[in-house]
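Working notes for the structure below.
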Amino acid sequence: MVKVDSLVKLHALISLNNKEKNGYELMKEVEEKTNKKISASHIYPFLKELKENYLVSYRQFGREKVYNLTEAGTKFVNDTLLKFNDIIQESLKRKITKCTHCGCEVYNNKYNEIVNGKKLAFCCCHCADSYKKGIKHEHNK
């Protein structure tokens, strides 16, 4: 059974899930995503393990191998990501704000406005305007 016990392996799987790649491309993408210098010894043994467990296959072009996930590999990636989902959601929970008007969840770049002396968070200026119009409408009844 393949263990995903490092961010390097997790990023490698996500990268292969997005597009087939040769080992060098995979190494460079993981390097970019992790901000770490990645060597071939990080990637190729993991690719070999994935191949031995029928999670990746490859096509040979001369000396180059282009790796892609098998159907079982895609399922493995999805199952792995589901395991991480709870951890990620919990860590992001404090960073998510609900729009005061529509209730949608905003992770970044929320739109703030002062309404009746209170700082309120909105997903966009349109929700802020609509919310303020609703308050005016209620006051005019």
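Taking each DSSP H run with n ≥ 4 as -39500 (n - 2.57) and averaging over every residue of the chain yields -17000 deg cm²/dmol at 222 nm. Cross-link partners of K75 among aspartates and glutamates, defined as those whose alpha carbon lies under 20 angstrom from its own and excluding same-chain residues fewer than eight positions apart: D5, E20, E49, E52, D86. From the alpha carbon centroid of region 8-33 to that of region 65-112 is 18 Å.
If the chain linking S41 and R59 were pulled fully straight, counting 0.36 nm for each residue of separation and taking away their Cα-Cα distance, it would gain 4.4 nm. Take 58-65, 72-79 and order them by the average number of nearby Cβ atoms within 10 Å per residue, most first; the result is 72-79, 58-65. Relative contact order of the chain, taken over Cα pairs closer than 8 Å and 6 or more residues apart, is 16 percent. Amide H to amide H distances under 5 Å link C124 with Y111, where only residues 5 or more positions off or on other chains count and H is placed in the peptide plane. Residues in region 91-104 carry Karplus couplings, in order, of 6, 8, 3, 6, 9, 9, 10, 8, 5, 4, 8, 9, x, 5 Hz; the curve used is 6.51 cos²θ - 1.76 cosθ + 1.60 with θ = phi - 60°, and Gly or Pro positions show x. For the residue pairs K28/K48; K48/K93; K28/K51, the alpha carbons lie more than 25 Å apart in K48/K93.
The alpha-carbon atoms of region 23-87, seen along their principal axes, cover 41, 29, 15 angstrom, with the largest extent given first.
Across q = 0.13, 0.17, 0.18 Å⁻¹, the chain modelled as identical point scatterers on its alpha-carbon atoms has Debye log10 I(q)/I(0) values of -0.69, -0.90, -0.96, in the order of the q list. From largest to smallest, the equivalent ellipsoid semi-axes obtained for region 59-104 from the alpha-carbon gyration tensor read 39, 13, 10 Å.
Checking every one of the trypsin sites (Lys or Arg not before Pro) in region 16-57 against DSSP loop status and a limit of 13 other Cβ atoms within 10 Å picks out K19, K36, K37.
Only the coordinates and a few stated rules stand behind these numbers; no lab work does. Note that the structure is predicted; figures quoted are calculated from it, not measured. Cβ coordinates were reconstructed from backbone atoms using ideal geometry, including for glycine residues, and neighbour counts include every protein chain displayed.
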